[in-house]
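Structure, as structure tokens:
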Amino acid sequence: MSSGVAVHDQCLTTFNELKLGKKIKYIVFKLSDDNKEIVVEKTSESGEYDDFVADLPGESCRYAVYDFQFDQGEGQRNKITFIAWSPDEAKIKTKMLYASSKDALRRALVGVAIEIQGTDHSEIAYEAILDKATRR
Amino acid sequence: MVPPVQYGGDEVSAIVLDIGSHTTRAGYAGEDSPKTVFPTTFSTVPGSPPTYTHGNSLHLYRPNSIHSNLLSDGLVTDWPALSRTLDHAFRDRMRLPDLSEFPLLVTEASWNTKENREKMCEVAFEEWKTPAYYTVDKSVMSSFASGKGSALVIDVGEEMTSVVPIYDGFVLRKAIQKQPVGGNLLSSVLLSQLKNSTPPIPVTPHYLVKTKEAVPVGAPAKATLRDERKFNPEDPNCPTTLSYHRSQEMRVMHEFKESTCEVLSGGWDDATAASTPTRPFEFPDGYNALFGLERLTVPEILFNPQRFLPQEFTQLPLPASTSTIPSHPYSNLQPITRLFSNSLVQIDPDLHSTFFNNIVVTGGTSLTQGFVDRLQTELAGLSGGMKTKIHAASSPAERIHSSWLGGSILASLGTFHQLWIGKDEYDEVGASIVTRRGGK
């Protein structure tokens, strides 16, 4: 079940840059103003996790990919994390649009290791993702 | 898959139809609330031909009228009644002679059958001449409308409670749990408890009351009744049928429930229950009193049916159903938390944390005061340390109409036109197209 919203080519290109180039740290995606396709809103090379969190709006939805890096004493690891950001404060129409269109983008992005549905800041906190990344 | 139809988008609004066991909703896609909302129950006055009444006026007193519902187990069972319901919704209420200019989106229960789904598609194209049609799942709509592609949807409605896990927009059918516990059962128990209390509290529905006077709390009612309408089950010539009388008694109970019932949010405890304040309620005949324990024990049935459901109710037959997904019988009703854990057992343990964190609560009976807090407390006890988060829309309209609302937003998207099943496709393939395209 999906809404039929398309994914702009640039989403894939940018994602591949993140995956292979290792320069881009995170990408924020959004629905275009006419709600017909998913486009890249922002890319960033900032390694600060807080910068990333600040780029997710408090009252609207977004999708994001974050190149999550961690070191648990076994050397540095990377796990690409997909986040469907849908805060409780967002309007019901926006939530519906993003929830029903997520699959199109998610399926296009090959190589995502962790997926998170975030509705408040505690669910996308650095520790929460670290916990998921290091489980099992 | 290149569909030939180009409906939806800005040019034409689609129509969204959502039939629940208590309420039917219809309206234009893209709007915030349905254009028309009316009871799913309808009235029949026997005769040749019989007179049918759909919509809000069904409660008016008509001699010999019988009340019945066109759904059983959440699925349409009375198709002629369905056609009349659509007639009422589209022609009487929305003033549309047919749907030849409007694509139609219909919601269906997660346990709907292939036959029912196809029959509905047939009705849409053949009787209503819709140019395009699509079916969506009610629970998926509720889940999406709360911004979640994956969620466990708990729907506590009029006729039943269901727990439906959704993963990435698809229903995990094997893990569906449902049982016939809802507002209707709570009202029935309440009615029997009031009638059997000492001294008995007579429940006189509105239709029997001609005039009433204000009386002090607890004093007998001083009302003149309409004796010509008096309900007498022994008299074969009595103008009032059992089903009408019952339906009107249940309306009073419905109101009683909404204005007094409450769930103890910390869990049941005899001492807390005894010290919880009483609440007043005035019956249609003017009798009024303060109610304590019964307003608390009845909604407890949702959480602990073994203890709180009176014996006589455990023998009721299950509503007829053609669905392959069984309901728990009245003799073995499950606490709502058990439905939840029964469902999780069927699901990959890796996904459990996702479902605990994304619980969507919907349905009119979930609006009982204290319900969501109590559910949160009980589920947190089940989660074994996993974070438990319940999403329940705070506005009653969003909670009750969540599946209509979800359908309304979805069908208003310009891109949704790719999904519609066109008339030409229906003509070529037949009604089975809806099963093939529905992704089920």
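Going through (1) within 12 Å of chain B (Cβ to nearest Cβ); (2) open to solvent by 10 Å² or more (accessible area, probe 1.4 Å) one by one, A:Tyr63 falls short only on (2).
You will find that of B:Ser408, B:Ser383, the residue that is at negative phi and at the interface with chain A (Cβ under 10 Å from one of its Cβ atoms) is B:Ser408 and no other.
Of the residues making up the range B:114-128, at least one is without any contact (Cβ under 8 Å) to a residue 40 or more places away in the chain and open to solvent by 10 Å² or more (accessible area, probe 1.4 Å). Working only within the range B:25-53, note down all residues that are polar (S, T, N, Q), open to solvent by 30 Å² or more (accessible area, probe 1.4 Å) and outside any loop (DSSP other than H, G, I, E, B). Residues satisfying the conditions are B:Thr41, B:Thr51. Residues in the range A:34-47 that are part of a loop (DSSP other than H, G, I, E, B) and in contact with a helix residue (DSSP H, G or I) (Cβ under 9 Å, 6 or more places away or on another chain): A:Asp34, A:Asn35, A:Lys36, A:Ser46. The combined condition, being crowded, with 24+ Cβ neighbours inside 10 Å and in contact (Cβ under 8 Å) with a residue 40 or more places away in the chain, is fulfilled by B:Ala132.
Note on the range B:97-154: residues that are facing chain A (nearest Cβ under 10 Å) and under 18 Å from the mean Cα position of the chain (by Cα) amount to 6.
Let me spell it out: the conditions are (1) touching a strand residue (DSSP E or B) at 6+ places or on another chain (Cβ under 6 Å); (2) touching a residue at least 12 places away in the same chain (Cβ under 8 Å), and B:Pro50 meets all of them except one. Which number is the exception? Every listed condition holds for B:Pro50 apart from (2). Within the range A:121-136, the set of residues being open to solvent by less than 70 Å² (accessible area, probe 1.4 Å) and either modelled with pLDDT under 90 or part of a helix (DSSP H, G or I) (or both) comprises A:Ser122, A:Glu123, A:Ile124, A:Ala128, A:Ile129, A:Leu130, A:Lys132, A:Ala133, A:Thr134.
Checking each residue in the range B:136-177 for being out of contact with any helix residue (DSSP H, G or I) (no Cβ under 8 Å at 6 or more places or on another chain) and within 24 Å of B:Leu316 (Cβ to Cβ) picks out only B:Met160. Note on the range B:290-303: among residues that are assigned to a loop (DSSP other than H, G, I, E, B) and modelled with pLDDT of 95 or more, the one that is surrounded by the fewest Cβ atoms within 10 Å (Cβ to Cβ) is B:Phe303. Residues that are touching a residue at least 40 places away in the same chain (Cβ under 8 Å), open to solvent by 20 Å² or more (accessible area, probe 1.4 Å) and in a loop (DSSP other than H, G, I, E, B): does the range A:103-111 have at least one? Yes, the conditions are met somewhere in the range A:103-111. Selection of the range B:166-186 for residues being within 14 Å of chain A (Cβ to nearest Cβ) and either buried (at least 24 other Cβ atoms within 10 Å of the Cβ) or outside any loop (DSSP other than H, G, I, E, B) (or both) yields B:Ile166, B:Tyr167, B:Phe170, B:Val171, B:Arg173.
A:Met96 falls short on exactly one of the conditions (1) at the interface with another protein chain (Cβ under 8 Å from one of its Cβ atoms); (2) free of Cβ contacts under 8 Å to residues at least 24 places away in the same chain; (3) surrounded by fewer than 20 Cβ atoms within 10 Å (Cβ to Cβ), and that condition is (3).
Can you spot a residue in the range A:72-90 that is among the acidic types (Asp, Glu), more than 27 Å from B:Ser395 (Cβ to Cβ) and more than 9 Å from every other protein chain (Cβ to nearest Cβ)? Scanning the range A:72-90, I find at least one residue that is among the acidic types (Asp, Glu), more than 27 Å from B:Ser395 (Cβ to Cβ) and more than 9 Å from every other protein chain (Cβ to nearest Cβ), so the answer is yes.
Filtered by the rule that a residue be part of a loop (DSSP other than H, G, I, E, B) and either modelled with pLDDT of 95 or more or within 14 Å of chain B (Cβ to nearest Cβ) (or both), the range A:1-33 gives A:Met1, A:Ser2, A:Ser3, A:Gly4, A:Val5, A:His8, A:Ser32, A:Asp33. Listed by position, the helices (runs of 4 or more DSSP H) enclosed by the range B:315-431 that each have at least 1 residues that are out of contact with any Phe, Trp or Tyr (no Cβ under 8 Å at 6 or more places or on another chain), without any contact (Cβ under 8 Å) to a residue 40 or more places away in the chain and open to solvent by 10 Å² or more (accessible area, probe 1.4 Å) are B:336-345, B:352-357, B:371-382, B:396-400, B:423-429.
The values are calculated or read from the model by the stated rules, or taken from the named source; none is laboratory data. All of these numbers come straight from a predicted model, not from anything done at the bench. Using ideal geometry, Cβ is built from the backbone for each residue, glycine included, and neighbour counts are taken over all protein chains shown. We work out accessible area using only protein heavy atoms, side chains counted, and drop any ligands, DNA or RNA first. Shrake-Rupley method; radii C 1.70, N 1.55, O 1.52, S 1.80 Å.
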